[in-house]
Amino acid sequence: MGTLDAAVRGAARTALALFGKEVTYRYLDTGAYDSATDSAPQVYDDVTVHAVREPYKSRFGEVLSGDVREGDRKVTIAAAELEAAAAALTRARSEPEPGDLLVMDGATWQVIHVDRQDATDEAAIYAIHVRK
């Protein structure tokens, strides 16, 4: 752990808990293979964390181009809070990945891209691109 990791991770967790809204982060995974159905079911674990949500906008207010589509959102989650919540689960990893889901205000959003932003050596926040 770098010199600033604990302080920056703690500050990010405190700020997002104060200014964010509760969301459900859903870790998706593939379950055990079932030979009777010749398939492996999709399984998930849910954790509740605080997040700040915002639309993707440029400096001039128009929607950005590229992989970002109209209606996409950027969701910022403190890495320390997500890791602590996931630690209680037996199967889930703590890092978010594309394909996972976020449930916000009753709507389910798919994780498209995850931008890990480190303090020094460890993640401080995850900026997550989501889409309905």
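The values are calculated or read from the model by the stated rules, or taken from the named source; none is laboratory data. Here the structure is a predicted model, which is why all the values come from computation and not from measurement. Glycine gets a Cβ as well: all are built from the backbone with ideal geometry, and neighbour counts include every protein chain shown.
Summary table below
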read-out	value
Test set (1) in a strand (DSSP E or B); (2) modelled with pLDDT of 90 or more - Arg13 fails condition number	(1)
Test result for Val49, of a type outside the set (Lys, Arg) and surrounded by 14 or more Cβ atoms within 10 Å (Cβ to Cβ)	yes
Condition check for Asp121: over 24 Å from Leu18 (Cα atoms) and at pLDDT 95 or above	no
All positions within the range 83-132 that are small (Gly, Ala, Ser) and either part of a helix (DSSP H, G or I) or under 10 Å from the mean Cα position of the chain (by Cα) (or both)	Ala84, Ala85, Ala86, Ala87, Ser94, Ala127
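Table: residues versus (1) surrounded by 15 or more Cβ atoms within 10 Å (Cβ to Cβ); (2) within 22 Å of Ala11 (Cα to Cα); (3) charged (D, E, K, R); (4) at pLDDT below 95.
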{"position": "Arg59", "(1), (2), (3), (4)": "no, no, yes, yes"}
{"position": "Gly66", "(1), (2), (3), (4)": "no, no, no, yes"}
{"position": "Ile77", "(1), (2), (3), (4)": "yes, yes, no, no"}
{"position": "Ala92", "(1), (2), (3), (4)": "yes, no, no, yes"}
{"position": "Tyr126", "(1), (2), (3), (4)": "yes, yes, no, no"}
